[in-house]
1. Looking at (1) touching a residue at least 24 places away in the same chain (Cβ under 8 Å); (2) farther than 17 Å from K14 by Cα, find the lone condition where F70 falls short.
2. Take the conditions at pLDDT 90 or above and of a type in the set (G, A, S) and apply them to A22. Does it pass?
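The values are calculated or read from the model by the stated rules, or taken from the named source; none is laboratory data. Please read all numbers here as calculations on a predicted model, not as lab measurements. Note: ideal-geometry Cβ built from the backbone for every residue, glycine included; neighbour counts use all protein chains shown.
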Amino acid sequence: MDKAKPHSINVGKKGILWDIGAAAYFTCKPSSGPGSPGKYINLFIDAGGAPDKAKLPSVLPKLLRQFVEFAQRELKCGTGAGS
């Protein structure tokens, strides 16, 4: 997996996975109109220094899902806010 051609994963909105990282975003507050862009949270994990890179494709999606759930909870976005 190359960062230029990541794999889609079912985490947040448009979650992606590549050889040494993963990313996703979620909506904390949707846009209410053209003058209100809303609040979108982008989360990124870089595991370039991981000792066993072979495990990353199975570990990163789970870790990113936990990261998204934690951020939604702590930012009080709720799980229904575009998770």
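1. Condition not satisfied by F70: (1).
2. Considered against the rule, which asks whether it is at pLDDT 90 or above and of a type in the set (G, A, S), A22 comes out as yes.
Residues are listed down the side, and each one gets a yes or a no for (1) loosely packed, with under 12 Cβ neighbours inside 10 Å; (2) in contact (Cβ under 8 Å) with a residue 24 or more places away in the chain; (3) closer than 24 Å to K76 by Cβ:
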position	(1), (2), (3)
I9	no, yes, no
G12	no, yes, yes
G15	no, yes, yes
P34	yes, no, no
N42	yes, no, yes
I45	no, yes, yes
A50	no, yes, no
K55	yes, no, no
